[in-house]
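Where a number appears in this text, it was derived from the coordinates with a stated rule and is not lab data. These figures come from a predicted structure and were not determined experimentally. When we count neighbours, we look across all protein chains shown, and the Cβ atoms used for this are built from the backbone with ideal geometry, even at glycine.
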Amino acid sequence: MSEIHAETAYVRTEMLPEQAPPITAAGPVKWMRENLFSSPLNAILTVLSIIVIYYVLQGILPWMVNGIWNADSLSECREIRDARGGSSEHGHGVACWAVLGDRWHQLTFGFYPSDLYWRPILALALFLAALAPVLFDTVPRKMFILTAAAPFICAWLLWGGTIWGPLMIAVGFVIGWAIFKFGAPAIGALSATIAAILIPILYWLFIAGPIAGALSGAIPIGIEAVPSDDFGGFLLAFVIGASGIILSMPLGIVLALGRQSDLFIINKFSVIFIEVIRGVPLIVWLFTASLLLNYFLPPGTNFDLMLRVIIMVTLFSSAYIAEVIRGGLAALPRGQYEGADSLGLNYWQSMQLIILPQALKISIPGIVSSFIGLFKDTVLVVFVGLSDPIGFSNLIRATTDWNGIYWELFIFIGLCFFICCYGMSRYSQYLERKLRTDHR
Amino acid sequence: MATMTDPPVEGFRLSQLIYDTRYRSMTIQVVAFVLIMLGLVWLANNVVTNLQALGKDFDFGFLGNRAGYDINQRLVEYSNDSTHGRAAIVGILNTLLVAVLGCITATVLGVFAGVLRLSKNWIVSRLMSVYVEGFRNIPLLLWILVIFAVMTEGTPQPRDFRGEDAEASMILGDSVAITNRGIYIPNLVFNRSLGGNEVDADTGAVIASQSAGDIILLLAVIIAGFLASGFIGRRATAIQEKTGVRPPGTFWMRLGAVVVPALIVLVALGATLEYPELRGFNFADGIHLRNSLIALWFALSLYTGAFIAEIVRAGIMAVSKGQTEAAFALGMRPSWTMNLVILPQALRVIIPPLISQFLNLTKNSSLAIAVGYMDVRSTLGGITINQTGRELEGMLLLGLFYLITSLIISGAMNIYNNSVKLQER
């Protein structure tokens, strides 16, 4: 080797020091060349975008940042602004965030008694804790016991009253489960299923009420009752949204299976139900719930407007979810159905073990966007007289203190909705990545 | 020795209805049918009892009665002496107007935003993400209210336009006035209107006017122009496929087929523009676009546009990269690749959800209630119900209108889907 080196003098014996890359091929300049100015059209778009962003920020930022946080009314806000030697030539001057400090409790809790605010907050915490094992599989499985109990505890915390009402309703589910679990070996799966559905319904209709009444008379355990009329603001949106989401999922699955079913009558009824619900806007259904429901019920029955709205929202959303899940069912290769049949599984077994897990996985994005839609649609209840956040923004504006305040309230409400809905959509993307089993 | 015996012939036992899969599905269906029918009969029975208790009947005769209320935006002749049925039609037309306007602008916005969101330009794609996520995650109702507030609170009053050094001025060459009462734009009027013109008594000059006949004639000519243009295009394609050469000047012929007849009609009718003008306390002449229409239209377009942007993006991304590469390998230009290879495949993915977004937009137009736009829900499902007390009939008709609209649109979508479906085994 060394001889060759001696002869070939043109080979460099020491390494050249590394040189920095040309300025246009590295660092921010390269990034800008590639991402902002890669072609004349792109350069024009970039400049236009920057101008747009500049004007928007220039209009909004000073207004937001210089906002006034301590005032009791809009007129006081304006006095403070003028005292600052404010920018009144701009027209609207600065934001008056003080309205949020003054009225945040109405926007979040409505007319819920202020000394009982801990109850909705506790219910929310419980709800989130109960949701954890459903959302993330790293949470211990034992938490599912909490998940099963949470709906009843949350309802009790929110509405208050005697504990025996929710407890007796929960007992109905336990009865149904016990009949199914222990009755199936004795009387056969089909009879046990029918009994497990019929007996709890009879129990709720005829037995639960009197027992709960008797027990609350004998052992009065309860907390102060809060009527539904006092619910408002984001509390109302959350309660309607969460109940709608929880209740519409099973109903949607049943409807989707009905629509895919070979049984002619069940298929046609599912199709009619889904198409009628989907063909008519939610507002019309909400008006139906508030104006017409009394026509369809036996004379004399009258129940809570909020409950009616929850039922309507649930039915509405279940039709949309049914369509999403039907898409998932239709997207499964035919071989999956045939494979399940060839294993000798019956209909429910094949659905539960083979078809639905895959179909639901495919439909996750659609289901979550239905949920987001449902949560956003809860603001429509303002038109049937419930006070959701938008209803409260109107109420706040109607008071003399805050007459004429728009943007601060809109921004607050919009931001809250954005955080919830964006969170949901990010979670669905996470779930999609986690459940992806194909190797790509 | 094996003997073959027939299987024992059993009589039909009742338990077979449950345990024999041959009969079980029948049993389930019959039971379900009976239960559902019982439920429906129960509901119908309740309705009859409740109506009797209230002393009401079920009658659509109220549609022929005098309405007695005014509608501020009407596309057809209507006064408060007209019937409730007429009011419902005015409402339906208003719903359809905002739905059609919204669908057009939402599609344009959505396609732009969807394509730009895929752009390599970092700042543009981020900007479009902000737009899409912002509108998708905030309720439509809030956007309608925000835009309505911008229109009513953030724009000058008509009196600000008065005087020498007015605070506000009209834009686009003094033709459009944006005020807090709405936007005033020029109107198309005709000196030789089909509906006849009045003559100014003093000067003898013809007063330009507009009648339904003029507009229908103009629209008919434009539609005929488009049909003719399509025919020319198809003929040119047929010739090109036969001979390999596209007839020269096809593009200009197609353009002319649309523009020339329309221009001839405009000239023949003596078309001029009637500009809005400040008279008294308000603007007169021109077309008055009310704030309610503007807020509803813009909010619906921006909101649905965000959803359409996602659909367009998904559609373009669904076409595999190999298609582009194959087209380039064939030596196609980028524009041909887009038009002949990518778009036809992307459209198959885009169109069905796009049409269901149009459907959503139409249904969402019922949020008109938030800004007092007189759509079918406010006339038939609002004031008419309040005045006649016929909530059952009114809501039924309202529901039927939306249902039929949806079924028509989804029926059209199914036909389209079947026509572009990939032919598989």
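Look at the stretch A:273-282: the mean tally of other chain Cβ atoms within 10 Å of its residues' Cβ atoms is 6. Here's the list of aspartates and glutamates a cross-link from residue B:363 could span, going by alpha-carbon distance under 18 Å and ignoring same-chain residues fewer than 8 apart: A:275, A:323, A:377, B:375.
In this calculation the C-beta distance from residue A:137 to residue B:207 is compared with R0 = 60 Å, giving a FRET efficiency of 0.20. For the segment B:140-149, counting C-beta atoms of other chains within 10 Å of every residue's C-beta and taking the mean gives 5. Dipole orientation for the protein assembly as shown: of the candidates B:172, B:294, B:27, B:27 has the Cα lying most toward the positive pole (charges on Cβ; Lys, Arg +1; Asp, Glu -1). Bridging of residue B:242 to lysines at a Cα separation below 24 Å is possible for none of them, once same-chain residues fewer than 8 apart are set aside. Of A:18, A:408, the sequence from fewest to most neighbouring Cβ atoms within 10 angstrom is A:18, A:408. For the protein assembly as shown, the mean residue ellipticity at 222 nm estimated from helices alone is -21500 deg cm²/dmol, where every DSSP H run of n ≥ 4 contributes -39500 (n - 2.57) and the total is divided by all residues, rounded to the nearest 500.
Choose one of B:230, B:359, B:273: the residue whose Cα lies farthest towards the positive end of the charge dipole of the protein assembly as shown (beta-carbon charges +1 Lys, Arg; -1 Asp, Glu; about the Cα centre). Farthest along the dipole direction, towards plus: B:230.
Taking the Cα centre of the stretch A:1-65 as origin and assigning +1 to Lys and Arg Cβ atoms and -1 to Asp and Glu Cβ atoms, the resulting dipole is close to 500 debye.
Using the beta-carbon distance between residue B:52 and residue B:14 and R0 = 41 Å, what value does 1/(1 + (r/R0)^6) give for FRET efficiency, to the nearest 0.05? Mind dumping the intermediate values first?
On the way: r = 42 Å, r/R0 = 1.02.
With R0 = 41 Å, the Cβ-Cβ based efficiency is 0.45.
May I ask you to order B:128-137, B:289-298, A:221-230, B:236-245 by the average number of other C-beta atoms within 10 Å around their residues, highest value first?
On the way: B:128-137: 17.9, B:289-298: 22.1, A:221-230: 13.6, B:236-245: 11.1.
Listed from highest to lowest mean packing, they are B:289-298, B:128-137, A:221-230, B:236-245.
Between A:156, A:255, A:203, the Cα set farthest toward the positive side of the dipole of the stretch A:146-290 (charges on each charged residue's Cβ, about the Cα centre) is that of A:255. Taking the stretch A:161-223, how much of its Cα-Cα pair set, in percent, is spaced more than 14 angstrom apart? The answer is 58 percent, as a whole percent. Could you run the Debye sum over the Cα atoms of the stretch B:65-212, one equal point scatterer each and no solvent, and tell me log10 of I(q)/I(0) at q = 0.13, 0.17, 0.19 Å⁻¹, two decimals? Results for the stretch B:65-212 at q = 0.13, 0.17, 0.19 Å⁻¹ read -1.04, -1.28, -1.28. For B:420, A:284, B:349, the sequence from fewest to most other C-beta atoms within 10 Å is B:420, B:349, A:284.
For the protein assembly as shown, what is the charge dipole size about the Cα centre, in debye to the nearest 20, if Lys and Arg each add +1 at the Cβ and Asp and Glu each add -1 at the Cβ?
Here the protein assembly as shown has a charge dipole of around 2440 debye.
Where in chain A are the DSSP H helices whose alpha-carbon span along the long axis reaches 15 Å or more and whose Kyte-Doolittle mean is at least 0.5? Those that clear 15 Å and a mean of 0.5 are A:40-65, A:118-135, A:143-159, A:164-187, A:189-202, A:233-260, A:264-279, A:305-331, A:356-377, A:407-435. Among A:118-127, A:316-325, A:140-149, B:338-347, sorting by the average number of other beta carbon atoms lying within 10 angstrom of each residue, highest first, gives A:316-325, A:118-127, B:338-347, A:140-149. Taking other C-beta atoms within 10 Å as the exposure proxy, A:135, B:359 rank A:135, B:359 from fewest upward.
State, as an integer percentage, the relative contact order of chain B based on alpha-carbon contacts under 8 Å between residues 6 or more apart. Walk me through the intermediate numbers first.
Details: 496 pairs, mean separation 89.3, N = 425.
Relative contact order of chain B: 21 percent.
Kindly express, to the nearest 10 degrees and within the range 0 to 90, the angle between helix B:212-243's C-alpha long axis and the longest C-alpha principal axis of chain B. Helix B:212-243 sits roughly 60 degrees off the main axis of chain B.
Sorted from longest to shortest, the spans of the Cα atoms of the protein assembly as shown along the three principal axes equal 110, 103, 72 Å. In this entry, the stretch A:302-440 is assigned a mean projected area of 12.5 nm², taken as a quarter of its C-alpha convex hull surface.
How big is the Cα convex hull of the stretch A:1-65 in projection, averaged over all directions, in nm²? Mind dumping the intermediate values first?
Numbers: hull surface 35.5 nm².
Quarter of the Cα hull surface area: 8.9 nm².
Can you tell me the orientation of helix B:140-153 relative to chain B, as the angle in degrees between its alpha-carbon axis and the longest Cα principal axis, to the nearest 10? The angle comes out near 10 degrees.
Multiplying the residue separation of residue B:153 and residue B:42 by 0.36 nm and removing their Cα-Cα distance gives an extension gain of 34.8 nm. Only the Cβ atoms of Lys and Arg (+1) and of Asp and Glu (-1) were treated as charged; on that basis the dipole of chain A about its Cα centre amounts to roughly 960 debye. Computing FRET efficiency as 1/(1 + (r/R0)^6) for residue B:388 and residue A:337, where r is the C-beta to C-beta distance and R0 is 60 Å, gives about 0.70. Calculation over all alpha carbon pairs of the stretch B:285-350 in 10 angstrom steps from 0 returns a P(r) of 19, 31, 19, 17, 11, 3 percent. Across all directions, the average projected area of the convex hull around the alpha carbons of the stretch B:315-400 is 8.0 nm². Based on alpha-carbon centroids, what's the gap between the stretch B:69-145 and the stretch B:329-405 in Å, whole number please? Answer, in whole Å: 9. Would you please state the base-10 log of I(q)/I(0) at q = 0.09, 0.11, 0.13 1/Å for chain A, with intensities from the Debye formula using one equal scatterer on every alpha carbon? Per q value, in the given order, log10 I(q)/I(0) is -0.81, -1.10, -1.38.
In summary, chain B shows an alpha-carbon radius of gyration equal to 1.36 times the 2.2 N^0.38 Å reference for compact globular proteins.
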